[in-house]
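One structure is given here, and the rest of the page talks about it.
Bear in mind that the values in this text are calculations on the coordinates, not laboratory data. For clarity, every value in this text was computed on a predicted model and none was experimentally measured. All Cβ positions, even for glycine, are placed from backbone atoms using ideal geometry, and neighbour counts span all protein chains on display.
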Amino acid sequence: MNTILETRDLHFVYGGNSPTAQTALNGINLTIREGEFLGLIGHTGSGKTTFVQHLNGLLTPISGQILYRGEDIHANGFKLRGLRFKVGLVFQYPEHQLFEETVARDIAFGPRNMGLSDAEVAERVRQAAAFVGLGDDVMDKSPFDLSGGQKRRAAIAGVIAMRPEVLILDEPTAGLDPYGAFQILSQIREFRDKSGSTVVLVTHNMETVARAADRLVVFSQGTVAMDGTPEQIFGQPERLEALGLDVPQVSKVFMKLRELGIDVETSVYTVKYAKNLVETLLREGGQVC
Ligand SMILES: Nc1ncnc2c1ncn2[C@@H]1O[C@H](COP(=O)(O)OP(=O)(O)OP(=O)(O)O)[C@@H](O)[C@H]1O
Ligand SMILES: [Mg+2]
């Protein structure tokens, strides 16, 4: 797979030289491949939001580089404005993203800035709103009158309407009930499957990344602590817990079985996989690994 985004030794400090200066990124080297679904997890304050805000040039590192398709995005001559359309970022707090008078205008903001025709903008708004499940009845409302879930949908629609090559979502399911979270995640997966876009999903929700991601990266104190497939990452539950992270519920059940002396894998992280293993266990009477 081709590399679409790469960071080299990225450092960032909030507050510059002030006494309250806070190091947020402490040398991040990461390669994001075209078309992958990357889950970014880590304890609160580990630098996830700061990191993703570097990927579209919203924040500038104090040292290190961000390469988009091999080009340094802060080099002279690089069109940073154009990058914002290609690397779309859905903010952690949708309120920070929504500002227009109506939902329709908000979703239209990105495509309009891309210089598309009125007809094309209208078509993209219609498609993006339908995709995230926002009905016609909300399109003329103020985004601030929407429910929490609808605000998220509107923020996601505004980014999807730009048809970005990389879709970055910072905690898109935070504060939603499990069904709302499931719906949004299904839409993100569908978007990725239809468009072939690269997705970077930042989340605290282990069940969410366990279901969706091809690869997981774990941040700790502004560094990359772990990087691998969900099997590899969830196969190290003690390490995850030491980094202040939870493991999916189903992994916990399998860890418990192991403690009870039953020889099962601890890298089990989806209910479907667990079901197959339990069936084998029941059939074979004990040895499943
Ligand atoms: N605007 C800011 N001013 C000062 N320090 C900040 C600011 N934003 C974040 N920080 C600090 O930078 C570090 C990284 O924060 P960041 O928000 O990137 O973490 P995060 O992994 O996204 O956390 P969360 O899971 O809570 O969203 C933390 O120590 C945080 O307190
Ligand atoms: Mg954050």
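Remark on L59: its backbone amide H falls under 5 Å from those of H54, a criterion applied only to residues 5 or more positions apart or on other chains, H modelled at 1.01 Å from N. Rounded to the nearest 500, the 222 nm mean residue ellipticity of the chain from helices alone is -12000 deg cm²/dmol, with -39,500 (n - 2.57) taken per DSSP H run of at least 4 residues. Note on segment 3-232: Kirkwood radius taken over Cα pairs, Stokes-Einstein applied at 4 °C and 1.567 mPa s, translational D equal to 72 µm² s⁻¹.
Taken as entire DSSP H runs, the helices of the chain that both span 20 Å or more between Cα atoms along their own long axis and average -1.0 or more on the Kyte-Doolittle scale are 118-132, 178-195. Backbone geometry of segment 57-65 corresponds, through the Karplus equation with coefficients 6.51, -1.76 and 1.60 at θ = phi - 60°, to 3J(HN,Hα) couplings of x, 5, 10, 10, x, 6, 7, x, 9 Hz, x marking Gly and Pro. Residue exposure proxy: K252, K79, ordered by other Cβ atoms within 10 angstrom of their Cβ from fewest to most, comes out as K79, K252. Legend: ranking of residues D136, D106 from fewest to most surrounding C-beta atoms inside 10 Å; resulting order D136, D106. Taking every alpha-carbon pair under 8 Å whose residues sit at least 6 apart, the chain reaches a relative contact order of 20 percent. Derived scalar couplings between HN and Hα for segment 77-92 equal x, 6, 8, 4, 4, x, 4, 4, 7, 8, 10, x, 10, 8, 5, 4 Hz in order, rounded to whole Hz, by the Karplus curve 6.51 cos²θ - 1.76 cosθ + 1.60 (θ = phi - 60°), x for Gly and Pro. Cross-link check: pairs K48/K151; K151/K252; K86/K141; K86/K272; K151/K194; K151/K256 evaluated at a Cα-Cα cut-off of 30 Å; pairs beyond the cut-off: K151/K252; K86/K272; K151/K256. Here's the list of aspartates and glutamates a cross-link from K79 could span, going by alpha-carbon distance under 16 Å and ignoring same-chain residues fewer than 8 apart: E71, E165.
Residues V13, V103 in ascending order of nearby Cβ atoms (within 10 Å, fewest first): V13, V103.
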